[in-house]
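Just below is one structure, and these are the notes that go with it.
The values are calculated or read from the model by the stated rules, or taken from the named source; none is laboratory data. In this text, all values refer to a predicted model and were calculated from it rather than measured experimentally. All Cβ positions, even for glycine, are placed from backbone atoms using ideal geometry, and neighbour counts span all protein chains on display.
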Number of protein chains: 2
Amino acid sequence: MSVALDALLAGVRTGQRRAVARTLSLVENDSPHLREVMRRLAPDSGYAHVVGLTGAPGVGKSTTTSELVAELRTAGQRVGVLAIDPSSPFSGGALLGDRIRMQVHSTDNDVLIRSMATRGHLGGLSAATPQALRVLDAARCDTVIVETVGVGQSEVDIADACDTTVVLMAPGMGDSVQAAKAGVLEIGDVYVVNKSDRPGAQAVVRDLRTMIALTERADGAWKPPIVSTVSHTGSGVAELLLRIGEHRAAGEASGAWGSRRQRRAGLEIQALVLGTLRRRLIVGQHDADGLVELARSVREGELDSYTAADRLLEELTN
Amino acid sequence: MSVALDALLAGVRTGQRRAVARTLSLVENDSPHLREVMRRLAPDSGYAHVVGLTGAPGVGKSTTTSELVAELRTAGQRVGVLAIDPSSPFSGGALLGDRIRMQVHSTDNDVLIRSMATRGHLGGLSAATPQALRVLDAARCDTVIVETVGVGQSEVDIADACDTTVVLMAPGMGDSVQAAKAGVLEIGDVYVVNKSDRPGAQAVVRDLRTMIALTERADGAWKPPIVSTVSHTGSGVAELLLRIGEHRAAGEASGAWGSRRQRRAGLEIQALVLGTLRRRLIVGQHDADGLVELARSVREGELDSYTAADRLLEELTN
């Protein structure tokens, strides 16, 4: 592997599509080589501006991503896109929605697009995403867009993986209550009301403004702007990019940029630790007589689950 | 607490609503008393038939639950209902959808209904759910229905928490692809096509039958039936209950019932262990200089995240 790995990493560092794709597959499948890959790519990362893009199905995430890519290309940037599908814990294949709109960029060598399922990774989304981002970062992308469908926990997780979080909404989707429910009001650095040519768009902007004003944020200095877009015509996308840039500049000035990256690194380490412990537990489920016997006792009501957990933990950590 | 706890547990064991509600709040908030409560309730559980009910928003879960409760009450059973909202990681309050349909049962002392958010529990949904079920079980419920909205991972998790999993679908919701994506084809023991008086219901049944036939199941002996219902009229709900009963009988005959409960107990223990480890990590995030320094090194590209994780794990387990 060593010579092949040298060539692969050289390919990544010069931004070759094939090498990047192969390395991202190593991430996706949690390859045993990943540890060595990540060790060697560590010094090559930390340059890209990572922009997370999330929202409910149907708000126009792929169209917006595609338009953002076009704008960034016009500005001469090299762009990575990582589309994450956190939904399927079973069955092979990512089953991602239409990436058709991205095909316009598919022959551009300065655009690296990847759909990724994270089931195979022992650390899950939380460990696989930063690793994939590191690969695209090392491949000299100036901006990497992480697109994820907003369901449940995943959209909150994505905010922990990026520098700037963009939350998309659209009129007629009952987004206000959903947003409050899913906690997206705490995570957006920039809000987009897409399909703003449709009835009700102004009401969404108004609701959003009220809710944002009522929401306490960790980085108190930044007031998240709301951008109205019609992504399929590209209207408003230049302004969106401007706001994303302002978020970076404000964060660099206040120090929030660095502390967020620090936090991200901490979360990634924790995800890997939890992944390792989970693997020990899962292996234990099949192999260790200990857990089988503990589970039997709990099932029979002889033992409570806390006491059982204490005993298992003792086994694992000694 | 000891005398008060005695009274509380006596109240649970005699099925008093107030005592059950208070104990479920202890579960929800991961009270420090929970350990003692669970230790003492351990011998009182294992009796109730736990039926999980899941499906996308809008398929008619609450109406179906309410009709199932009515049928079970007619059969003289004592019934528990646990509605789980896994979506909100932030902001207080469960924000659950309309439980209006359940209000018909609200004056019936033999129906115990509870909405539960699981954010507060260190072990999350996976640890809180079995504990809540144990409380309702100890409160002499014959059947407990766990209702959860089908988003992402949560519907798969729910299958790990119950004896019989019922998956609801409805025509016109693009459920076929969603089902494949979310992995629900692997988990349903009984499928319901609700709103079966609407156009397209037959097609959903047909698609579902094909997909079930193509899906490999862990318990090969059981062939999941499909029941057509119109839950707001109650049509088909008696048949649904019949199929749920057949699933139990078949599982008891084949041994699948016991091995599933064994597996459940094992998963609960693991969730508690992971919760404990996660808490150590989170505490570590604030307190330990170790992680802060490791995160800084990863952020600066001096260290890769795997090596950092190894070092943190060593700290945690020694």
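Quick check on segment A:123-140. Is at least one of its residues at pLDDT below 60 and facing chain B (nearest Cβ under 10 Å)? For segment A:123-140, residues at pLDDT below 60 and facing chain B (nearest Cβ under 10 Å): absent. The number of residues in segment A:227-277 that are facing chain B (nearest Cβ under 8 Å), farther than 26 Å from A:Leu68 by Cα and in contact with an Asp or Glu (Cβ under 8 Å, 6 or more places away or on another chain) comes to 1.
On the stretch given as segment A:241-284, residues that are closer than 16 Å to A:Leu53 by Cβ, touching a helix residue (DSSP H, G or I) at 6+ places or on another chain (Cβ under 7 Å) and crowded, with 19+ Cβ neighbours inside 10 Å total 1. Could we say that A:Val50 is within 15 Å of A:Gln131 (Cβ to Cβ), within 20 Å of the chain's Cα centre (by Cα) and in a strand (DSSP E or B) here? Against the criterion (within 15 Å of A:Gln131 (Cβ to Cβ), within 20 Å of the chain's Cα centre (by Cα) and in a strand (DSSP E or B)), A:Val50 qualifies.
In the set (1) touching a helix residue (DSSP H, G or I) at 6+ places or on another chain (Cβ under 8 Å); (2) part of a helix (DSSP H, G or I); (3) modelled with pLDDT under 90, A:Asp30 fails one condition alone, (2).
Checking each residue in segment A:24-47 for being of a type in the set (Gly, Ala, Ser) and more than 17 Å from the chain's Cα centre (by Cα) picks out A:Ser31, A:Ala42.
Taken over segment A:295-315, residues that are outside any loop (DSSP other than H, G, I, E, B) and more than 7 Å from chain B (Cβ to nearest Cβ) amount to 5. The residues in segment B:17-44 that are surrounded by fewer than 21 Cβ atoms within 10 Å (Cβ to Cβ) and farther than 18 Å from B:Ala117 by Cα can be counted, and the count is 10. Would a scan of segment A:291-302 turn up a residue that is modelled with pLDDT under 85 and surrounded by 19 or more Cβ atoms within 10 Å (Cβ to Cβ)? Yes, because at least one residue in segment A:291-302 is modelled with pLDDT under 85 and surrounded by 19 or more Cβ atoms within 10 Å (Cβ to Cβ).
Residue check: B:Thr63 meets all listed conditions (1) away from chain A (no Cβ under 12 Å); (2) closer than 25 Å to B:Thr276 by Cα; (3) touching a residue at least 40 places away in the same chain (Cβ under 8 Å); (4) out of contact with any strand residue (DSSP E or B) (no Cβ under 6 Å at 6 or more places or on another chain) but one, namely (2). Which is within 17 Å of A:Asn109 (Cα to Cα) and either assigned to a loop (DSSP other than H, G, I, E, B) or modelled with pLDDT of 90 or more (or both), of A:Ala7, A:Ala70? Within the list A:Ala7, A:Ala70, the selection yields A:Ala70.
Taken as a whole, the condition of being touching a helix residue (DSSP H, G or I) at 6+ places or on another chain (Cβ under 8 Å), away from every other protein chain (no Cβ under 13 Å) and assigned to a helix (DSSP H, G or I) does not apply to B:Leu41.
Only one of the numbered conditions (1) touching a Leu at 6+ places or on another chain (Cβ under 8 Å); (2) of a type in the set (S, T, N, Q); (3) at pLDDT 95 or above is not met by A:Ser176, and that is (3).
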